[in-house]
Structures are given as structure tokens and as C-alpha cells.
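> Sending over a structure as C-alpha cells; questions will come in a sec.
The values are calculated or read from the model by the stated rules, or taken from the named source; none is laboratory data. Since the structure is predicted, the reported quantities are computational estimates derived from the model, not experimental observations. No Cβ is skipped: glycine too gets one built from the backbone with ideal geometry, and neighbour counts run over all protein chains shown. Keep in mind that these areas ignore ligands, DNA and RNA; they rest on the heavy atoms of the full protein, side chains included. Shrake-Rupley method; radii C 1.70, N 1.55, O 1.52, S 1.80 Å.
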Amino acid sequence: MITITNKTDCGGCGACASRCVTSCITMAPDEEGFNYPLVDTDKCIHCCLCERVCPLLHKPQPHEILAVIGCKNKNEAVRFVSSSGGFFSLAAEKILGRQGTVFGAAFDDNWHVRHIAVTSVNAMNKLRGSKYVQSDISTTYQDAEKLLQAGHTVLFSGTPCQIGGLKGYLRKDYERLYTIDVVCHGVPSPKVYQKRLDEVTELSSSPVIKVNFRDKTPGWKRFNIVFQTENHIFATHKRRGPYMRLFLNNVSTRPSCSDCAFNNKHSLADLTIADYWGVNKHFPLFDDDKGVTLVLVNTEKGAGLFADCQSELECQQTDFKRGAEYNAALSQKMTPHPSRQLFFAELDHKSLSALANEILGTTEN
């Protein structure tokens, strides 16, 4: 039976709940808003499947990376609406072109972030772009398994711990399964995200109609985060708005993110993608401030998918050291902010702006 005694030992991937044969495990939020497994001991048959599939009870070993490449999608329209260089969209289109299914994080009608499946290029816009909050995996592990068992091709994308959860859940490799994980700084609490949605709704006296965590209108390097309501657009630089300030300073992130088991060459995905921060220093002629994706090829299967995309990409060969130099999340641990506990203790009583200013100091609007 899965038992969480230290919250750094649970990434919230949901593999245990998804695999439980008696449905005795549910994922429930704690006081910080992060989901953890909750076990109905009366239903538990002590089969220990939940423990066998947990990726943090069976942490991956380091591996060699086959190639590291900076990429730009030649389709400028796609690259502009992508978080970085638009590689993921191209890889997804290749899978969809094989009549496959692509799983990834999307906004629902209430602007909550959930994993969904898409089967057409026209629906790809739902998965495109970063979502800086932990997504609800829902039934997508089971859905992907059914497709794979029926012989379909699947691309599953997510955070490294979600890919770890999928691999643990499946307990076997599938020839038609492709996986892409995203180098992440950590995942902020859904409770904090909901509080921001509520705050902008209250400030503008109208509901949220759009969220864009990576608005590249000011440029890729100086992107804005945008919460738009019917009456107002709240657009702030990535390091000035309260939500992103708290996230980037490790105030609002999940406890397990402080000791990521999957970065620094431990990924279980076929391909790892990230922003190629520092490309302007390493390859200044390759940077146009419209976004460059850093792609880490982890497996031969990933190499095959990348090769299918290559003719539609502008590419620059690089290496892990340069890729990680300005992207700490690729290789380093994210130390929790010393006031993290205070933040969550005060979360229900103060605004995010007040808490950010109190903990991190004031900044420009």
C-alpha cells in the first residue's frame, strides 16, 4: 500500500491511483493544493501494484544523451505561438500524420489545466504552449494504454515525473509509444493558480477568458504572462507579476520538485525539450528572439522521431553543458525558498501580490 510519509517522495503523477485494481486510491489535494494519493484501506487488497508503478520508489539511473540540438520551426506562425522554437508542434504533427494520438496539457473551459488527447492538427493549439501549474492527469494513462494495446501510435507529453508515472503505470515498453518531457523549473500549486484566477476576476469584475503563460509579443526572452478577462488584460513581465515571481523563486512549487529525480540526464522520455536560454551567447547568429527549442535526444526511438522532423527545422548542434549553462532546471536542484512555509500558511489570508512583496520585496508593475 502506497504511504507518503515525506511529501518530497511524491510527484503527484497519479500512476498509483491509475493502476489500482480496486480503485481504492484517489488523488486528493492537501492544504497547499497539491494532489497526493489517499487510500481507502477497507478496499485495499495489498497487491502492492501502487508501489511497483511509483516512479519515485524506483528512480531512474543516469543515461547518455545521444544528441543535443537547438531547433527553430521553419513555420514562423507556429513558432510565434509556441513557448520556444515550436519543435513539439512539429513532432506532434508527425504522430498525427500516422493516424496517431497525442496527449498533453490543455486548458479546460474554466482555465484549469488537464491532460487530454487530440487526434487532429486543428486541435493541436490546445496542447501548444507552456502551462505553469501542475496538470490533472485524469484517465490519460489508461486511455493511452488502451490505444497502445489496440496497436495505435501514441505520443505522450508532460513533465518528467508524469512521463515517469506513465512508464511505471504501463510496466512494459510499446513500440508505438513516443514520449516527450519538458524541462521544468517545478510545478506551482493548483490552489495558487486558482487564487490568481479568482483575483483577476475580482479585480476586473468579469470572468477570465484567456490565459497565456508565454506571450512572446515583447520577445521570447522577455515574455509576458497574460490573464485576460472580459474587461481587462493583466499582462506582466515574467519576473514582475506575483504568480510568476512566486513560482520562479521556488515559493509556490511542489515539495518533490526540490529534488527532481528526472533531470540531469535521468529522463525516461525519448526526447526532452526546453528553452535554449543562452543560445544568444553560444550561437548569436542563430538567435532572433523568436524562440529556440533545446532538444535532448535520449533514445534511438527519439532519434527517429527527430529525424522525421529535421527537414522542417533550422538546427544548431550543441551539447549538454552549453544547454544547461543558462537553464538551471536542466541539471540542478531547485532549492525551496526559506519562506515557502510562511507563504502557504498565509495564502488564504493575503493576496498573491501582498505575499510576493512581503517575501520577495516590491517590484515594478
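> Quick check on region 1-149: of the DSSP beta bridges with both residues there, what percent are antiparallel, nearest 5%?
Here the share of antiparallel DSSP bridges comes out near 90 percent.
> Let me check I've understood the local charge: for Arg254, count other residues with C-beta under 15 angstrom from its C-beta, Lys and Arg +1, Asp and Glu -1. What total comes out?
With Lys, Arg at +1 and Asp, Glu at -1, the net is -1.
> So if I place +1 on the C-beta of Lys and Arg and -1 on the C-beta of Asp and Glu, and nothing else carries charge, what would the dipole magnitude of the chain be about its Cα centre? I want it in debye, nearest 20.
The calculated dipole for the chain is roughly 480 debye.
> Largest first, what is the accessible-area ranking of Lys301, Lys333 with a 1.4 Å probe?
Result, largest first: Lys333, Lys301.
> Let me ask something additional. Need the full-extension length gain, Ala28 to Ala235, defined as separation in residues times 0.36 nm minus the C-alpha distance. One decimal, nm.
71.3 nm
> Using only the alpha carbon atoms of region 49-96, find the Kirkwood hydrodynamic radius as the inverse mean reciprocal pair distance, in angstroms to one decimal.
13.9 Å
> Rounded, prolate or oblate: which fits region 1-58, taking a ≥ b ≥ c as square roots of the Cα gyration tensor eigenvalues, rounded meaning a/c under 1.5, else prolate when a/b beats b/c? Walk me through the intermediate numbers first.
On the way: a/c = 1.86, a/b = 1.32, b/c = 1.41.
Taking the square roots of the gyration eigenvalues as a ≥ b ≥ c, region 1-58 is oblate.
> Turning to a different aspect of this structure: Where only protein heavy atoms count, and the probe is 1.4 Å, what is the accessible area per residue for region 316-365 in Å²?
Roughly 61 Å² per residue, with all protein chains present.
> I've got another one for you. Given the options Gly323, Gly168, Gly219, which has the most mean-square fluctuation in a GNM of the chain, springs set between C-alpha atoms less than 10 angstrom apart?
Judging by the Gaussian network model, the answer is Gly219.
> Tell me, what is the 1.4 Å probe accessible area of Glu145, in Å² to the nearest 10?
Ignoring ligands and nucleic acids, Glu145 comes out at about 30 Å².
> If you stretched the chain out fully between Lys221 and Gln332, how much longer would it get, using 0.36 nm times the residue separation minus the C-alpha to C-alpha distance?
Contour length minus Cα-Cα distance gives 37.9 nm.
> Follow-up question, since we're still on this one. Identify which of Asp40, Asp259, Asp319 has the largest mean-square fluctuation in a Gaussian network model of the chain, with springs joining Cα atoms closer than 10 Å.
In this elastic network of the chain, the residue with the biggest mean-square fluctuation among Asp40, Asp259, Asp319 is Asp40.
> Taking springs between alpha-carbon atoms closer than 10 angstrom, which of Val154, Val183, Val118 fluctuates most in the Gaussian network model of the chain?
Evaluated over the chain, the most mobile residue of the options is Val118.
> Sticking with this one: Leaving ligands and nucleic acids out of the surface, order Val39, Val187, Val182 by accessible area at 1.4 Å, largest first. Don't skip to the end; give the middle numbers.
Values: Val39 35, Val187 10, Val182 60 Å².
I get Val182, Val39, Val187, largest accessible area first.
> Averaged over every viewing direction, what's the projected area of the C-alpha convex hull for region 227-313? Give it in nm², one decimal, please.
Details: hull surface 36.4 nm².
Orientation-averaged projected area of the Cα hull: 9.1 nm².
> For every helix of n ≥ 4 consecutive DSSP H residues, a contribution of -39,500 (n - 2.57) applies; sum these over the chain, divide by its total residues, and give [θ] at 222 nm rounded to the nearest 500 deg cm²/dmol.
Numbers: 13 runs with 105 residues, N = 365.
So the helix-based figure for the chain works out to -7500 deg cm²/dmol.
> Give the residue from Gly361, Ala235, Phe286 lying farthest towards the positive end of the charge dipole for region 214-365; charges sit on Cβ (+1 for Lys and Arg, -1 for Asp and Glu) and the dipole is referred to the Cα centre.
Final value for the positive-end residue is Gly361.
> Still on this structure, I have one more. Please report the carbon-and-sulfur percent of the accessible area for the chain; probe 1.4 Å, protein heavy atoms only, DNA, RNA and ligands left out.
Roughly 49 percent, rounded to a whole number.
> Going down the list Lys146/Lys301; Lys126/Lys146; Lys216/Lys333; Lys72/Lys265, which pairs span over 25 Å between their C-alpha atoms?
Numbers: Lys146/Lys301 21 Å; Lys126/Lys146 22 Å; Lys216/Lys333 27 Å; Lys72/Lys265 23 Å.
Listed pairs above 25 Å: Lys216/Lys333.
> Same structure, new question: Keeping every protein chain in place, order Lys216, Lys126, Lys7, Lys195 by accessible area at 1.4 Å, biggest value first, i.e. largest first.
Of Lys216, Lys126, Lys7, Lys195, the descending order of accessible area is Lys126, Lys7, Lys195, Lys216.
> Just want to confirm a number: the relative contact order over the chain, from Cα pairs under 8 angstrom separated by 6+ residues, in percent. Working shown, then result.
On the way: 716 pairs, mean separation 79.2, N = 365.
Relative contact order of the chain: 22 percent.
> Just for the chain, what percent of DSSP beta bridges are antiparallel, to the closest 5?
Percent antiparallel among DSSP bridges in the chain is about 75.
> Just read off the accessible area of His237 with the full protein assembly in place, 1.4 Å probe, to the nearest 10 Å².
30 Å²
> While we're here: By DSSP, what percent of the beta bridges with both residues in region 125-277 are antiparallel, rounded to the nearest 5? Don't skip to the answer; put the middle values down first.
Values: 11 of 19 bridges.
Of all bridge pairs located within region 125-277, approximately 60 percent are antiparallel.
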